[in-house]
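First comes the structure, then the notes that go with it.
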Amino acid sequence: MDICLSGHTHNRLYQSVLVGQTMVIQSGLHGSFLGRLDLTVEGKRVTSYRHRLIAITPDLHPDDEVEGMISTILEPSREFLGQVVGETATPLDRGGMLETTMDNLLLQSIVDLTGAEVAFSNGWRYGAPVPSGPVKMNDLYNIIPENPPVSMVNLTGYEIKEILEENLERTF
């Protein structure tokens, strides 16, 4: 049996799903749940398994050893990630399927930076929400944890309409 620890769709699977000989589990997004998978392996084969989701609640306390490891790893970057780099009057999130405050900020930034007439994103649904108030460097890394390329192209109105139609068809 193969096991796929999926996080791509950000959905929660309260029970594992078996697809052929592959078990798929998903634990949601933004650290709201922890997925636990217990396997019994005999002779290089999974003979039984148990999967459950554990809700992350205020009464759940972090493991001291793991907390120490995370602190050690973050220490060299703590000052950099803690820098206040801006402020937002509007909470930023990316939880919707169409338009979100976080995407609006990113796309307007691209327009301002490049001088383009319009900007599109791929509609990511990840990125921890940022409450109104100071924005830290860590918040920016949670919004976009990588450095994706920005591409500029010339498109006709017809091409833009076709792209939007195709995107909506694939999404819905």
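The values are calculated or read from the model by the stated rules, or taken from the named source; none is laboratory data. Keep in mind that this is a model prediction, so the values were computed, not measured. No Cβ is skipped: glycine too gets one built from the backbone with ideal geometry, and neighbour counts run over all protein chains shown.
Tabulated values for the structure
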read-out	value
Odd one out for LEU60 among (1) farther than 30 Å from VAL135 by Cβ; (2) loosely packed, with under 13 Cβ neighbours inside 10 Å; (3) modelled with pLDDT under 90	(1)
Residue tally, condition within 25 Å of LEU105 (Cβ to Cβ) and surrounded by 11 or more Cβ atoms within 10 Å (Cβ to Cβ), over the range 65-81	3
Selected residue (only one of GLY35, GLY68 is among the small types (Gly, Ala, Ser) and part of a strand (DSSP E or B))	GLY35
Any hit, the range 121-132, residues being of a type in the set (Gly, Ala, Ser), within 17 Å of LEU29 (Cβ to Cβ), touching a Lys or Arg at 6+ places or on another chain (Cβ under 8 Å) and part of a loop (DSSP other than H, G, I, E, B)	yes
Residues (part of a strand (DSSP E or B) and of a type in the set (S, T, N, Q)) located in the range 38-65	THR40, THR47, SER48
Which listed residue, of THR57, THR101, is free of Cβ contacts under 8 Å to residues at least 24 places away in the same chain, β-branched (Val, Ile, Thr) and more than 20 Å from TYR141 (Cα to Cα)	THR57
Some residue of the range 32-50 being touching a residue at least 12 places away in the same chain (Cβ under 8 Å), within 30 Å of PRO149 (Cβ to Cβ) and not assigned by TED's automatic domain parsing to the domain that holds ALA128	no
Every residue from the range 1-17 that is surrounded by fewer than 11 Cβ atoms within 10 Å (Cβ to Cβ) and either touching a residue at least 60 places away in the same chain (Cβ under 8 Å) or part of a strand (DSSP E or B) (or both)	ASP2
Residue that is surrounded by the fewest Cβ atoms within 10 Å (Cβ to Cβ), among those in the range 106-120 that are small (Gly, Ala, Ser) and part of a loop (DSSP other than H, G, I, E, B)	GLY115
Matching residues, the range 71-100, being of a type in the set (A, V, I, L, M, F, W, C) and part of a helix (DSSP H, G or I)	ILE73, LEU74, PHE80, LEU81
Qualifying residue in the range 19-26 (condition: surrounded by 14 or more Cβ atoms within 10 Å (Cβ to Cβ) and under 13 Å from MET1 (Cα atoms))	yes
